[in-house]
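Here the structure comes first, spelled out in structure tokens, and everything after it is commentary.
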Amino acid sequence: MSVTPRSFHLIAPSGYCLNQDAAHLAVDRLRAQGHQVSQTEVIPRRDRRFAGTDEERLQDVNALAALATLPDIVLAVRGGYGASRLLPHLDYQGLAARLREQPVALCGHSDFTAIQLALLTHGVKSFSGPLLAGNFGAEVLSDFTLDHFWRALTSPEFTLSWQTPPQDVDVSGTVWGGNLAMITSLVGTPWLPALSDGILVIEDVNEHPYKIERMLLQLAQSGILARQKAIVTGSFTAANLSAYDNGYDFDSVWTLIRQITGLPLVTGLSFGHDRDTVTLPLGAHGNLKVEGNQASLRLSGHPTLR
């Protein structure tokens, strides 16, 4: 699709970018397409396993509240670990006020989910989507990922469609979620949105089915799932099953969660740590339907690029 040149501003609130070549390739690709890319100095920045000290990484995010001119897109370099350390010190009021004044597409996933959900508690909507190094810097770019990214950021209303096993589903609510491990880590903190009538969309990587089940049970047993209208599962990549599992797999987990919660659980969305991923506006209004083998999620009410 044809894309209007935009301004990208990089932040690195989590882990050190091990794949430096991928990150720089991503910057080169974006600039070759006519986009502006600022704050590339965060790419090589390092403090132990992190992309800089806590103070440096915190400043990446808090500085957005004071920028004279905001970029079109704020893009996280990578995930990993580190965002949780910043949550008590984010300038929530300043960021919420500035981003209400001039909406920005704040984009990333994985560890960045913690910051996205913490900001959502203050009304700041963001996009769970590609990262600089892992997606824009992939050896082979995914047209699926890029098309869905630009469509989400530029369309006031759009619909995601995918194949899923049949069930009777037609619900509406606030779309939220992201990386399941990060969502679960926020239980009991002030930074998990207390959303009712939500559509929870989840994904993860390197997590065995029993760990995913344990996290979902925590969400169920803490009362969070009881407030939702439905669950949508995305990609759960790099999980290694063994003979010990004896048929216990992700389908077993989904069946149990349906039984326990009574919620519709719709599988198969291309979302998360995979080459092909949709971009989801967190905090948007969603209408989720399943008709036959076809699922659809219509999204609206999110910020779009001016």
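Considering every pair of different Cα atoms, what Kirkwood radius, in Å, is found for the stretch 1-151? Mind dumping the intermediate values first?
Values: mean 1/r = 0.0652 Å⁻¹.
After inverting the pairwise mean of 1/r, the radius is 15.3 Å.
Using a 1.4 Å probe and ignoring any ligands, DNA or RNA, find the accessible area of residue 258 and quote it in Å² to the nearest 10.
Here the residue's solvent-accessible area equals roughly 80 Å².
Got the relative contact order for the stretch 9-132 handy, in percent, Cα pairs under 8 Å and 6 or more residues apart? Let's see the in-between values first.
Values: 204 pairs, mean separation 37.1, N = 124.
About 30 percent, as a whole number.
Over the chain, with every protein chain in place, what whole percent of the accessible area is carbon and sulfur at 1.4 Å, could you tell me? Please list the in-between numbers first.
Details: 6120 of 12710 Å².
On the chain, the fraction of accessible area on carbon and sulfur atoms equals 48 percent.
As a test question: what accessible area, to the nearest 10 Å², does residue 24 have when a 1.4 Å probe is rolled over all protein chains in place?
80
For residue 291 and residue 93, calculate 0.36 nm times their separation in residues minus their Cα-Cα distance, and state this gained length in nm to one decimal. Spell out each step's value before the answer.
Numbers: separation 198, 0.36 × 198 = 71.28 nm, distance 4.19 nm.
Value of the extension gain: 67.1 nm.
Rg and Dmax in Å for the stretch 92-190, alpha carbons only: what are they?
Spelled out, the Cα radius of gyration and Dmax of the stretch 92-190 are 15.4, 45 Å.
Enter the accessible area per residue of the stretch 1-87 (Å², integer; probe 1.4 Å; all protein chains in place).
Numbers: 3950 Å² over 87 residues.
Accessible surface, normalised per residue, equals 45 Å².
Which Cα, out of 255, 201, 217, lies furthest along the positive dipole direction of the stretch 140-278 (beta carbon charges, K/R +1, D/E -1)?
217
Per the Kirkwood definition applied to all pairs of different Cα atoms, how many angstroms is the hydrodynamic radius of the chain? Write out the running numbers ahead of the final one.
Details: mean 1/r = 0.0513 Å⁻¹.
Evaluated on the chain, it is 19.5 Å.
About its Cα centre, what dipole magnitude does the stretch 151-306 give when the only charges are +1 on Lys and Arg Cβ and -1 on Asp and Glu Cβ, stated in debye to the nearest 20?
On the way: 10 positive and 14 negative charges, 90 e Å.
Charge dipole of the stretch 151-306: 440 debye, to the nearest 20.
Divide by every residue of the chain the summed helix terms, -39500 (n - 2.57) for each DSSP H run of at least 4, and state the resulting mean residue ellipticity at 222 nm, rounded to the nearest 500 deg cm²/dmol.
On the way: 8 runs with 83 residues, N = 306.
About -8000 deg cm²/dmol.
What is the calculated FRET efficiency for residue 157 to residue 243, with r their C-beta to C-beta distance and R₀ = 45 Å, to the nearest 0.05? Can you show the working numbers first?
Working: r = 47 Å, r/R0 = 1.06.
Given R0 = 45 Å and the Cβ-Cβ separation, E is 0.40.
If I ignore ligands, DNA and RNA and count only protein heavy atoms, how much of residue 270 is accessible to a 1.4 Å probe, in Å² to the nearest 10?
40
Taking the Cα centre of the chain as origin and charging only Cβ (+1 Lys, Arg; -1 Asp, Glu), how large is the dipole, in debye to the nearest 20? Each step should come with its number before you reach the end.
Details: 23 positive and 29 negative charges, 116 e Å.
Charge dipole, the chain, about its Cα centre: 560 debye, nearest 20.
Would you work out the relative contact order for the chain, in percent, from Cα pairs under 8 angstrom that are 6 or more residues apart? Don't skip to the answer; put the middle values down first.
Details: 659 pairs, mean separation 63.8, N = 306.
With pairs under 8 Å counted, the relative contact order is 21 percent.
By per-residue mean of other Cβ atoms within 10 Å, what is the highest-first order of 46-54, 294-302?
Values: 46-54: 15.9, 294-302: 18.4.
So the peptides 46-54, 294-302, ranked by packing, come out 294-302, 46-54.
Given an 8 Å cut-off on Cα distances and at least 6 residues of separation, report the relative contact order of the stretch 49-115 as a percent. Don't skip to the end; give the middle numbers.
Values: 60 pairs, mean separation 30.3, N = 67.
Rounded, it is 45 percent for the stretch 49-115.
Going by Cα centres, the stretch 180-209 and the stretch 72-107 are how many Å apart?
18
Relative to the present Cα-Cα distance, how much length would full extension add between residue 7 and residue 41 at 0.36 nm per residue of separation? All intermediate terms of the calculation are to be shown ahead of the outcome.
Numbers: separation 34, 0.36 × 34 = 12.24 nm, distance 1.59 nm.
Using 0.36 nm per residue and subtracting the Cα-Cα distance, I get 10.7 nm.
Would you be so kind as to identify which of 134, 301, 238 lies farthest towards the positive end of the dipole of the chain, taking Lys and Arg as +1 and Asp and Glu as -1 on Cβ and the Cα centre as origin?
So the residue we want is 301.
Mind checking which of 97, 4, 155 is farthest towards the positive end of the chain's charge dipole, using Cβ charges of +1 (Lys, Arg) and -1 (Asp, Glu) about the Cα centre?
Going by the charge dipole, the pick is 97.
Where does each of 141-149, 238-246 land if you order them by average Cβ count within 10 Å, highest first?
Numbers: 141-149: 17.0, 238-246: 9.7.
In descending order of packing, they fall as 141-149, 238-246.
Roughly how many nanometres apart are two label points built 7 Å out from the Cα toward the Cβ at residue 214 and residue 300?
Placing both labels 7 Å beyond Cα along the Cβ direction yields 4.2 nm.
The values are calculated or read from the model by the stated rules, or taken from the named source; none is laboratory data. Quantities reported herein were computed from a predicted structural model and do not represent experimental measurements. In this analysis, Cβ positions are derived from the backbone assuming ideal geometry, glycine residues included, and neighbour counts consider all displayed protein chains. Heads up: the accessible areas ignore ligands, DNA and RNA and are worked out on the full protein's heavy atoms, side chains in. Shrake-Rupley method; radii C 1.70, N 1.55, O 1.52, S 1.80 Å.
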